Amino acid sequence: MKVIAYRNYGPPEVLKLEEREIPTPKKNEIRIKIYNTAVNSGDWRIRKADPKLAKLYFGIFKPKQPILGISIAGVVDSLGKDVTKFKIGDKVFGSTGMRLGAYAEYTCIPESSVILRLPEEISFSEGACLSFGGLTALDFIQKCNLQKNQTFIVYGASSSVGTAAIQLAKHFGAIVTAVCSQKNFDLVKSLGADFVMDYETFLSESHNKKYDVVFECVGKSSITSNLLHRSEGGVLVLVGASFKEMFQAAWISLTKGINIKFGPIAETLENLNILTELTRKGIYKVVIDKFFPLEAMAEAHRYVEAGHKKGNVAINIDND
Ligand SMILES: NC(=O)c1ccc[n+]([C@@H]2O[C@H](COP(=O)([O-])OP(=O)(O)OC[C@H]3O[C@@H](n4cnc5c(N)ncnc54)[C@H](OP(=O)(O)O)[C@@H]3O)[C@@H](O)[C@H]2O)c1
């Protein structure tokens with residue numbers, strides 16, 4: 001099978017096409033013939049070990065798992081002897097979790113993974129792009145205990161997490177302001193944003209409005225500027241906080257009693273189910289900016305790392 005592997009941390013060029021044996025599933029695993037994966041913001045960070053501390057988990061001298069990729073959609077083509085939940089031919093999608101391995105024609109994962117059957121209404125590419133931003137936005141919105149008619153501002157609204165957050169916050173009844181570049185105003189309005197604002201306006205002194213939830217998706221604005229827009233008793237969410245910002249946020253929470261949410265999310269089957277139902281019913285839309293073939297993985301990484309994708313970037317491995 002074809003895979004895209006990286007043997008050393010570094011720039012997009014470390015991603016190389018390799019030939020591998022097709023893996024055999026262990027007794028509790030399903031093997032998936034992968035039709036689509038996605039390149040997420042986490043992928044390029046792992047590839048270049050950003051931050052360097054990531055090497056403690058992913059391999060100190062070189063990557064322990066040379067095949068990146070967490071998002072997956074495809075067809076089950078082989079079963080371990082103890083598998084009961086899936087059968088050969090099932091269309092499935094979801095996340096491989098920290099096992100990664102989705103930049104390949106096949107992968108084996110436990111049947112207990114955050115994987116579901118793909119409904120007819122959802123394409124393979126949508127399935128592959130559903131979990132990363134969607135599960136992240138949903139987990140943080142749940143942690144905010146968002147209520148109907150609360151005001152919700154999302155900074156970095158055109159990102160994968162941002163495009164999901166707009167739609168989910170609207171679904172839960174919030175009044176949503178999307179902060180993004182003017183070029184993306186139409187996109188965020190089409191996803192349901194009630195108000196739009198560009199970055200400069202958000203950061204300007206003239207913007208003194210306060211919100212029940214300030215949802216910072218892209219780690220590009222300071223904690224101080226975000227706190228200025230949090231209403232009394234409101235929540236600040238820092239989806240893309242750096243280690244330094246996490247310490248800062250923990251300190252502010254502790255000393256000032258401000259509700260700040262940050263840290264890694266828990267990917268759950270329950271939340272993937274919620275997203276799937278919303279997508280199936282047409283309430284939630286997976287935004288896909290571009291498609292690249294598996295062989296153009298380095299180019300896809302370059303595009304995603306540049307930081308201006310709208311929603312998600314899908315990789316075609318087989319026909320969609
Ligand atoms: N906590 C967790 O468990 C968790 C899970 C997943 C992701 N994350 C983090 O969440 C963050 C977002 O991930 P993502 O994949 O959704 O990002 P992404 O899609 O790669 O973000 C791209 C978007 O960011 C916007 N952007 C770039 N510079 C900006 C700026 N200065 N101000 C506002 N927006 C700007 C771009 O819009 P323009 O083109 O207009 O600049 C673009 O649409 C990342 O930091 C990621 O590490 C955390």
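Before moving on, here are some points about what is shown:
- Criterion: over 30 Å from residue 45 (Cα atoms) and in contact with a strand residue (DSSP E or B) (Cβ under 7 Å, 6 or more places away or on another chain) - qualifying residue of 132, 215, 195: 195
- Test: residue in segment 57-66 that is outside any loop (DSSP other than H, G, I, E, B), within 16 Å of the ligand (Cβ to nearest atom) and either surrounded by fewer than 24 Cβ atoms within 10 Å (Cβ to Cβ) or modelled with pLDDT of 95 or more (or both): yes
- Pick from segment 3-42, criterion under 26 Å from residue 114 (Cα atoms) and of a type in the set (Phe, Trp, Tyr), ranking: nearest to the ligand (Cβ to nearest atom): 6
- Answer residue from segment 215-232, given it is of a type in the set (Ser, Thr, Tyr) and within 14 Å of the ligand (Cβ to nearest atom) and is nearest to the chain's Cα centre (by Cα) among those: 221
- Screening segment 78-170 for strands (runs of 3 or more DSSP E) wholly inside it with 2 or more residues that are within 16 Å of the ligand (Cβ to nearest atom) returns the ranges 91-95, 151-155.
- Any hit, segment 270-281, residues being among the charged types (D, E, K, R), outside any helix (DSSP H, G or I), in the same structural domain as residue 48 (by TED's automatic domain parsing) and more than 15 Å from the chain's Cα centre (by Cα): no
- Options 268, 255: the member that is open to solvent by 20 Å² or more (accessible area, probe 1.4 Å), under 30 Å from residue 119 (Cα atoms), away from the ligand (no atom under 12 Å from the Cβ) and of a type in the set (Ser, Thr, Tyr): 268
- Residue count, segment 197-230 (criterion: in a strand (DSSP E or B) and open to solvent by less than 20 Å² (accessible area, probe 1.4 Å)): 5
- Checking each residue in segment 271-298 for being open to solvent by 70 Å² or more (accessible area, probe 1.4 Å) and of a type in the set (Phe, Trp, Tyr) picks out only 291.
Conditions tested, residue by residue: (1) modelled with pLDDT of 95 or more; (2) open to solvent by 50 Å² or more (accessible area, probe 1.4 Å).
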site	(1), (2)
1	yes, no
4	yes, no
36	yes, no
53	no, yes
92	yes, no
99	yes, yes
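The values are calculated or read from the model by the stated rules, or taken from the named source; none is laboratory data. No experiment lies behind these values; they were computed from the predicted model shown. All Cβ positions, glycine included, derive from the backbone under ideal geometry; neighbour counts span all protein chains shown. In case anyone asks, the SASA skips ligands and DNA or RNA and just uses the protein heavy atoms, side chains included. Shrake-Rupley method; radii C 1.70, N 1.55, O 1.52, S 1.80 Å.
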